[in-house]
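The values are calculated or read from the model by the stated rules, or taken from the named source; none is laboratory data. Treat the numbers as computed from the prediction; the structure is a model and nothing was measured. Methodologically, a virtual Cβ is constructed for each residue, glycine included, from the backbone with ideal geometry; neighbour enumeration extends over all protein chains shown. All accessible areas refer to the heavy atoms of the entire protein, side chains included, with ligands and DNA or RNA removed. Shrake-Rupley method; radii C 1.70, N 1.55, O 1.52, S 1.80 Å.
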Amino acid sequence: MIERPEFFLRQLFDRAVEVADPMRTLKDFLPEKPKGRVIVVGAGKASARMAEAVEAVWGPCEGLVITRYGYGRPCHGIEIVEAAHPVPDEAGLKATARLLDLVESAGEGDFVLALISGGASALLVQPVPGVSLAEKQAVNQALLASGAPIDRMNTVRKHLSRVKGGQLAAAAWPAQLFALMISDVPGDDPAFIGSGPTVGDPSSPDDALAVIDQWKIALPGGVREALARGSGVVRPGDPRLARVRNVIYAAPRQSLEAAAELAREAGCDVRIFGDALEGEARLVAEAQAKEALTLQHSLRAGDPPILLLSGGELTVTRRGDGIGGPNAEFCLALALALDGAAGIHALACDTDGVDGAAEVAGAVIGPELLKKAAELRCDPEVALQRNDAHSFFAALDAQVVTGPTLTNVNDFRAILVQPRPTPSRL
């Protein structure tokens, strides 16, 4: 038996985050520093930490990296700029313009190192002609509330941008460009990490419009007209991509496996559902609750605990006016579906420390949660209807708050299933 289930689950999450720290692993994928001019650029929640790891090996470098507010790191040569995420702001707009100027200054014989991690979609902001920053912000907010999968969101973002969809790599031509990436997307497709600024994309503006229509995303001003005019997204096979190399060096699978190893050492029977789960958070929670209850029914006293692990990126279709995120909403829906089942505990967190737009990684639940909520007069059903999971878990002191983790390999979900306690005999 695991004596302190919620503490144990937090240990597993911390281990998953630890193994994705760029300071631990990036150096193993970094080539010897090239001769001549080297430019380091990047964007994402982990990008400043990645830049720090680069300079730990190469020493001070020329460059510019854009990260989320609070995620900056000390670098000796590379300039770190902080900007808004998940909705872009003026700081990101100005920094992206400077980053593009720096990349465009590279010439034949120069080397550009691009550091890309999750969050780059919002941090690299340079709208196509005819679209203002305010309109881009409105589109981003509408995308986040739509419930569309991340790859569909990124299709729209690419065709409204002058830097995504291979356009950063095209700007670096004819210099050599090497991109190191941390994956936060289901399936680890480099074209969707940060909306693929160094990766060609076969989609068209019509595909972006189809996403907008399918998920009924409201468009401000002339955004639809801008898409109708076309975009600068670079298609695969474009000669400007001939000197580009993209490498994913950290991904969700590694973090899940590290947590699984720790759990096995503690005596758990580990089942990994996968590292690329997608779908509505509350529906995935209901399905996993059913699986957990079925498995628990098969356990007898003395059987080893079962740990269910999964990663990926769930979505929330915004229906209410609350404060929430996919991990907290998963936990809330899971608690309701489990209905206080004894012996089952769970944790769901985003490995970047930010679930949705809140400075909260996620939440942890146990059998007493709903009873405690009733005592505090916190209605979980109402909270779920309002998409107000963060407020609910804050009232119950069940949030997981990490602060900036400086990495991002997407969601981490763990459900610990132990045999039901044997009723004591009087």
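Among the candidates 280, 261, which residue alone is open to solvent by less than 60 Å² (accessible area, probe 1.4 Å), among the acidic types (Asp, Glu) and at pLDDT 95 or above?
Working: 261 fails: open to solvent by less than 60 Å² (accessible area, probe 1.4 Å).
The conditions single out 280.
Could you say which residue among 87, 17 is open to solvent by less than 30 Å² (accessible area, probe 1.4 Å), β-branched (Val, Ile, Thr), in contact (Cβ under 8 Å) with a residue 40 or more places away in the chain and outside any strand (DSSP E or B)?
Details: 87 fails: open to solvent by less than 30 Å² (accessible area, probe 1.4 Å).
So the residue among 87, 17 that is open to solvent by less than 30 Å² (accessible area, probe 1.4 Å), β-branched (Val, Ile, Thr), in contact (Cβ under 8 Å) with a residue 40 or more places away in the chain and outside any strand (DSSP E or B) is 17.
Looking at this structure, is residue 397 in contact with a Lys or Arg (Cβ under 6 Å, 6 or more places away or on another chain), closer than 29 Å to residue 184 by Cα and either part of a loop (DSSP other than H, G, I, E, B) or open to solvent by 20 Å² or more (accessible area, probe 1.4 Å) (or both)? Let's see the steps before the verdict.
Working: in contact with a Lys or Arg (Cβ under 6 Å, 6 or more places away or on another chain): no; closer than 29 Å to residue 184 by Cα: yes; either part of a loop (DSSP other than H, G, I, E, B) or open to solvent by 20 Å² or more (accessible area, probe 1.4 Å) (or both): yes.
The answer is no for residue 397.
Filter region 213-236 down to the residues that are modelled with pLDDT of 95 or more and over 30 Å from residue 318 (Cα atoms), then identify the one that is most open to solvent (accessible area, probe 1.4 Å).
235
Any residue at all in region 98-110 that is under 22 Å from the mean Cα position of the chain (by Cα), of a type outside the set (D, E, K, R) and open to solvent by less than 10 Å² (accessible area, probe 1.4 Å)?
Initial filter on region 98-110 (under 22 Å from the mean Cα position of the chain (by Cα)): none.
Within region 98-110, not a single residue is under 22 Å from the mean Cα position of the chain (by Cα), of a type outside the set (D, E, K, R) and open to solvent by less than 10 Å² (accessible area, probe 1.4 Å).
Can you pull out the residues in region 90-138 that are more than 22 Å from residue 62 (Cβ to Cβ) and assigned to a loop (DSSP other than H, G, I, E, B)?
118, 119, 125, 128, 129, 130, 131, 132
Is it true that residue 68 is in contact (Cβ under 8 Å) with a residue 60 or more places away in the chain, farther than 19 Å from residue 196 by Cα and not hydrophobic (A, V, I, L, M, F, W, C)? Can you show your working first?
Values: in contact (Cβ under 8 Å) with a residue 60 or more places away in the chain: yes; farther than 19 Å from residue 196 by Cα: no; not hydrophobic (A, V, I, L, M, F, W, C): yes.
When the stated conditions are applied, residue 68 does not pass them.
Residues of region 173-186 being in a strand (DSSP E or B) and among the hydrophobic types (A, V, I, L, M, F, W, C), which ones?
First pass over region 173-186, keeping only residues in a strand (DSSP E or B): 176-182.
The answer is 177, 178, 179, 180, 181, 182.
Please verify whether residue 367 is touching a residue at least 60 places away in the same chain (Cβ under 8 Å), open to solvent by 10 Å² or more (accessible area, probe 1.4 Å), part of a loop (DSSP other than H, G, I, E, B) and of a type outside the set (Asp, Glu), treating the condition exactly as stated. Can you show your working first?
Details: touching a residue at least 60 places away in the same chain (Cβ under 8 Å): no; open to solvent by 10 Å² or more (accessible area, probe 1.4 Å): yes; part of a loop (DSSP other than H, G, I, E, B): yes; of a type outside the set (Asp, Glu): yes.
No; evaluated as a whole, the condition is false for this residue.
Could we say that residue 170 is closer than 25 Å to residue 238 by Cβ, modelled with pLDDT of 95 or more, in a helix (DSSP H, G or I) and open to solvent by less than 20 Å² (accessible area, probe 1.4 Å) here? Explain how you work it out, then say what you get.
Working: closer than 25 Å to residue 238 by Cβ: yes; modelled with pLDDT of 95 or more: yes; in a helix (DSSP H, G or I): yes; open to solvent by less than 20 Å² (accessible area, probe 1.4 Å): yes.
When the stated conditions are applied, residue 170 passes them.
Go through the residues of region 35-57 one by one and say whether even a single one is loosely packed, with under 14 Cβ neighbours inside 10 Å and basic (Lys, Arg).
Within region 35-57, one or more residues are loosely packed, with under 14 Cβ neighbours inside 10 Å and basic (Lys, Arg).
Being open to solvent by 10 Å² or more (accessible area, probe 1.4 Å), part of a strand (DSSP E or B) and hydroxyl-bearing (Ser, Thr, Tyr) is the filter here, so list the residues in region 306-364 that pass it.
315
Would you call residue 189 closer than 28 Å to residue 323 by Cα, surrounded by fewer than 19 Cβ atoms within 10 Å (Cβ to Cβ) and without any contact (Cβ under 8 Å) to a residue 40 or more places away in the chain? Break it down into steps so the answer makes sense when it comes.
On the way: closer than 28 Å to residue 323 by Cα: no; surrounded by fewer than 19 Cβ atoms within 10 Å (Cβ to Cβ): yes; without any contact (Cβ under 8 Å) to a residue 40 or more places away in the chain: yes.
For residue 189, the condition - closer than 28 Å to residue 323 by Cα, surrounded by fewer than 19 Cβ atoms within 10 Å (Cβ to Cβ) and without any contact (Cβ under 8 Å) to a residue 40 or more places away in the chain - is not met.
Residues checked against (1) closer than 21 Å to residue 252 by Cβ; (2) in contact (Cβ under 8 Å) with a residue 40 or more places away in the chain; (3) out of contact with any Asp or Glu (no Cβ under 8 Å at 6 or more places or on another chain); (4) among the hydrophobic types (A, V, I, L, M, F, W, C):
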{"position": "355", "(1), (2), (3), (4)": "yes, no, yes, no"}
{"position": "408", "(1), (2), (3), (4)": "yes, yes, no, no"}
{"position": "412", "(1), (2), (3), (4)": "yes, yes, no, yes"}
{"position": "416", "(1), (2), (3), (4)": "yes, yes, yes, yes"}
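Within region 20-43, can you find the residues that are of a type in the set (Gly, Ala, Ser), touching a strand residue (DSSP E or B) at 6+ places or on another chain (Cβ under 6 Å) and assigned to a loop (DSSP other than H, G, I, E, B)? Explain how you work it out, then say what you get.
Restricting attention to region 20-43, the residues satisfying the condition of being of a type in the set (Gly, Ala, Ser) are 20, 36, 42-43.
Within this subset, residues satisfying the condition of being touching a strand residue (DSSP E or B) at 6+ places or on another chain (Cβ under 6 Å) are 20, 42-43.
Result: 20, single match.
What number of residues in region 400-426 are hydrophobic (A, V, I, L, M, F, W, C) and open to solvent by 50 Å² or more (accessible area, probe 1.4 Å)? Write out each step before concluding.
Taking region 400-426 first, the residues hydrophobic (A, V, I, L, M, F, W, C) are 400-401, 406, 409, 412, 414-417, 426.
Still in the running and open to solvent by 50 Å² or more (accessible area, probe 1.4 Å): 401, 426.
Here the count works out to 2.
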